[in-house]
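One structure is given below, encoded as structure tokens.
The values are calculated or read from the model by the stated rules, or taken from the named source; none is laboratory data. Just so you know, these numbers come straight off a predicted model, no measurement behind them. Don't worry about glycine lacking a Cβ; one is built from the backbone with ideal geometry, like all the others, and counts go over all protein chains shown.
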Amino acid sequence: MPVARSDTAPIRGPVSRPASIDRLDGQIIEALQANGRESFRRIAAQLGVSEATIRNRYGRLCRASVLQVTGVTNPLGLGFDAQAMVGIKTNGPVEAVADEVASWHESSYVVVAAGQFDVLVELVCVDRRHLLEMINRIRAIPTVVSTESFMYLELWKQLYDWGTRPDEAADEAGGRRKTTNGDRRTR
């Protein structure tokens, strides 16, 4: 049974860097990472620009696939009782395997990787039988050589508040960056 998704839901794919992301774009992104429901009006007031500026930049960042604001859930808490990361080894073009698996509703995350696996895919399934069906579907792809599955027992941490790229001054200051809440993190 596939995971229900809206046909109008944006499909994330390869991200191309927009012409430029300036400081204001970064501040907008960080404000939305802190609270994805924050109004454009409030963000504009906090940043000292017009609401139209925020709306236009938000639209540009979304169209460039740099930004997507969405409700993040814990699938295990919603009754999807089988979730796993699957490492895939291929003997052909990895892009073809990534494209195929990314087209499935059950795949929530697909990345081409360097290392032991050529592709990593996160699968969200209703039960273990459904997960087995999806793993067998991966194994049936002609250029897949092998898979290794890492079934999730519990979701311990899932955050999307890493901010934007630190500026060069922060890099020169010993690899530390300031976060939106004033804490400092070491990379």
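Here are the numbers:
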read-out	value
Number of the exception - Leu131 against (1) farther than 19 Å from Tyr160 by Cα; (2) of a type outside the set (Ser, Thr, Tyr); (3) part of a loop (DSSP other than H, G, I, E, B); (4) free of Cβ contacts under 8 Å to residues at least 60 places away in the same chain	(3)
Set Val97, Val121: member being in a strand (DSSP E or B) and aliphatic (A, V, I, L, M)	Val121
Pick from the range 76-93, criterion surrounded by fewer than 17 Cβ atoms within 10 Å (Cβ to Cβ) and aliphatic (A, V, I, L, M), ranking: modelled with the highest pLDDT	Met85
Pairs where the first residue, in the range 20-44, is without any contact (Cβ under 8 Å) to a residue 12 or more places away in the chain and the second is assigned to a loop (DSSP other than H, G, I, E, B), C-beta under 7 Å, 6+ apart	Ala44/Ser50
Residue within the range 12-30 that is of a type outside the set (A, V, I, L, M, F, W, C), within 30 Å of Asp127 (Cβ to Cβ) and at pLDDT below 75 present	yes
Leading residue by the ranking (surrounded by the most Cβ atoms within 10 Å (Cβ to Cβ)) among those in the range 135-156 that are over 21 Å from the mean Cα position of the chain (by Cα) and assigned to a loop (DSSP other than H, G, I, E, B)	Ile141
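Yes or no, residue by residue, for (1) within 27 Å of Leu153 (Cα to Cα); (2) in contact (Cβ under 8 Å) with a residue 60 or more places away in the chain; (3) of a type outside the set (Val, Ile, Thr); (4) out of contact with any Gly (no Cβ under 6 Å at 6 or more places or on another chain):
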{"position": "Gly48", "(1), (2), (3), (4)": "no, no, yes, yes"}
{"position": "Ile54", "(1), (2), (3), (4)": "no, no, no, yes"}
{"position": "Arg60", "(1), (2), (3), (4)": "no, no, yes, yes"}
{"position": "Thr73", "(1), (2), (3), (4)": "yes, no, no, yes"}
{"position": "Leu76", "(1), (2), (3), (4)": "yes, yes, yes, yes"}
{"position": "Ala82", "(1), (2), (3), (4)": "yes, yes, yes, yes"}
{"position": "Gly92", "(1), (2), (3), (4)": "no, no, yes, yes"}
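Residue-wise test of (1) of a type in the set (S, T, N, Q); (2) under 30 Å from Gln33 (Cβ atoms).
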site	(1), (2)
Thr90	yes, no
Asp99	no, yes
Gln116	yes, no
Arg139	no, no
Ser149	yes, no
